[in-house]
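Asker: Structure incoming, see below.
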Amino acid sequence: MMTFSRTWIEVDLQAIAANATAIKAHTGTCLITVIKADAYGHGAVRVALALHEIADMFAVATVEEGIELRKAGIHKPILILLSPLPELAEALVAHQLTPAIDNWQLAQRLVGAISRTRLPVHVDINTGMNRGGVHWTEAKAFLEKLKTLKQLEIGGIFTHFATADEVDKSYAYLQLERFSAVLDKRALPVTTTVHAANSAATLTIPEARFDAVRPGLSLYGIYPSAEKPIPLQPALTWKTRIGWVGWLEAGEGVSYGLTYRAPRRTRVAALQVGYGDGYPRALSNPPTVGRGPVIRHAPKPTTTVEPGPIPRQTPKPTTTVGRGPVPHQTPKPTTTVETGTATRHAPKPMSTVERGPVPHQTPKPTTTVGRGPVPRHAPIGGEVLIAGKRRPIAGRICMDVTVVQLEPSDNVSVGDEAVLIGKQGDAELGIDEIATRAGTISYHILTQISNRVERNYKPSHKS
């Protein structure tokens, strides 16, 4: 039963289980479900319980996340995706966690911590992500050395894709080629699990599926790119309540800095949610959108150029960068040594440094670090759903409060629900739209939802 809260999220565990089942059917492989960062804000323990009969292994980022799952009664294998610090070897062994490994120091500490049974490890191969892992050209030697440690079992070998969610997948295929070369040379037990595919590769690169796939974002019904080969169900709705309704007279401002000014007598509502709850401050309405900047003082007189005579001097050539020399200021004769006379032709084209980048040499959007292109525009301000209608945010989002602009006819009162992410009536605000409006990515929006936002769950039949 839901409690009465100021702000909360609703997590549909049945949708998450359905997504996991659909992904497993789509790939025909084992499923390593990624539930790091509190299952991308959805709640790691509850998600793990819901997926316990579907997942073959769970994956988290830190040892602490793995211990939390063990204490909650999760008994399936738990992979620590980032190679832990050697000092955590004893904790890994004590809680039977499977570490990624990419250095000899960790291997030695693990051996010293193991008393009886062998501990499985997964070797992380760096094929081009370049944030960890054994370099693919050194992988064979590392694997051979690791096999000399009888207390450790090479239970898996894997890599991370940097650009699998982009339209141009050429770099992903280069990484795949490098990884496959390591696999071709290896002499590993037949029980070694080979895996490489994140959500994007799981859905769109069949060659990357190997023995298992590692979906993360897609488990929660969110596509990592524009490609949608299978239907997925969004699992999270974020709601809050109206805490105050009032009127602004024309010209009155709202919130810190008074960056929003009412263009006319305007009705507003204060929602009981803010950036202290993880709601992005970047969704604050831009101060100049349709209303002009707030003027706090008159401009200084020194900024006025009307008084005084217009200078008679011709501007210096340095003021004409990118346009050629000013007439009557032909270049010095030293520029025409070859002919001995001043040329009447237009000067040679300047370098691209002076003229700006050539249009066809604009950097490609693939400079955006493996999560789809980061929006190139500034944040454009957010909207929320109230009574099934979109209503814009007014002014700066505060730590605990967000003010929105209402229509005079809106039939709302204190205590009414507002939707930040999800559906209300026929209207919908998807996580991707929220991320775009905030100038970020969906991963960031989800993982920033703070612990003071209550989680309410629609149980799956397994939980």
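Asker: Just the projected area, averaged over all directions, of the convex hull on the alpha carbon atoms of segment 214-272: how many nm²? Intermediate values should be presented prior to the final figure.
Answerer: Numbers: hull surface 29.0 nm².
It is 7.2 nm².
Asker: Going down the list K228/K458; K24/K169; K76/K458; K71/K458; K423/K458, which pairs span over 21 Å between their C-alpha atoms? Before the final figure, lay out each step's value.
Answerer: Details: K228/K458 25 Å; K24/K169 23 Å; K76/K458 23 Å; K71/K458 23 Å; K423/K458 16 Å.
Those over the limit are K228/K458; K24/K169; K76/K458; K71/K458.
Asker: Let me make sure I get this right: for segment 12-219, a, b and c are the square roots of the gyration tensor eigenvalues over alpha carbons, sorted descending. Under 1.5 in a/c it's rounded, otherwise prolate if a/b > b/c, else oblate. Which is it? Intermediate values should be presented prior to the final figure.
Answerer: On the way: a/c = 1.83, a/b = 1.09, b/c = 1.69.
Judged from the Cα gyration tensor, segment 12-219 comes out oblate (a/c at least 1.5, b/c at or above a/b).
Asker: Shifting gears a bit: Only bridges whose two residues both fall in segment 12-219 count here: according to DSSP, what percent of them are antiparallel, nearest 5?
Answerer: Working: 0 of 26 bridges.
Here the antiparallel bridges make up roughly 0 percent for segment 12-219.
Asker: Right, here's the next one. What is the order of D211, D165, fewest Cβ neighbours within 10 Å to most? Walk me through the numbers on the way to the answer.
Answerer: On the way: D211 17, D165 25.
Taking fewest neighbouring Cβ atoms as first place, the list is D211, D165.
Asker: Quick check: pseudo-label points 7 Å beyond the Cα along Cα→Cβ at Q105 and E407, how many nm apart are they?
Answerer: The two pseudo-label positions are separated by 6.2 nm.
Asker: Expressed in nm to one decimal, what extension gain is obtained for the pair T191 and E87 from 0.36 nm per residue of sequence separation less their Cα-Cα distance? List each step's numbers first, then the result.
Answerer: Numbers: separation 104, 0.36 × 104 = 37.44 nm, distance 2.82 nm.
Full extension of this stretch gives 34.6 nm more.
Asker: Thinking of segment 66-163 as a set of Cα atoms, what percent of all their pairs are more than 23 Å apart? Can you show the working numbers first?
Answerer: Values: 1072 of 4753 pairs.
For segment 66-163, the share of Cα pairs beyond 23 Å comes to 23 percent.
Asker: Rounded to whole Å and sorted largest first, what semi-axes of the equivalent ellipsoid does the C-alpha gyration tensor of segment 152-254 yield via the square root of 5 times each eigenvalue? Before the final figure, lay out the partial values.
Answerer: Numbers: eigenvalues 397, 54, 33 Å².
Those come to 45, 16, 13 Å.
Asker: Where does each of R214, R452, R6, R131 land when they are ranked from fewest to most other beta-carbon atoms within 10 angstrom? Intermediate results must be reported in sequence, preceding the final value.
Answerer: Values: R214 21, R452 12, R6 16, R131 8.
Ranked by crowding around the Cβ, least crowded first: R131, R452, R6, R214.
Asker: Among T137, T204, T159, which comes first, second and so on when ranked by fewest other beta-carbon atoms within 10 Å? Could the numbers behind the result be given before it?
Answerer: Numbers: T137 12, T204 19, T159 28.
With the fewest neighbours first, T137, T204, T159 line up as T137, T204, T159.
Asker: Label-point separation (nm) for S115 and A181, each offset 7 Å from Cα along Cα-to-Cβ?
Answerer: Output for this residue pair reads 4.5 nm.
Asker: Sticking with this one: So how much slack lies between D432 and T137, counting 0.36 nm per residue of separation and subtracting their Cα-Cα distance, in nm?
Answerer: Numbers: separation 295, 0.36 × 295 = 106.20 nm, distance 3.77 nm.
Taking D432 through T137 to full extension adds about 102.4 nm, to one decimal.
Any read-out appearing in this document is the output of simple, stated calculations on the displayed coordinates, not a laboratory observation. A quick note: this is a predicted structure, and the numbers were derived from the prediction, not measured. Glycine also receives a Cβ, built like all others from the backbone with ideal geometry; neighbour counts cover every protein chain displayed.
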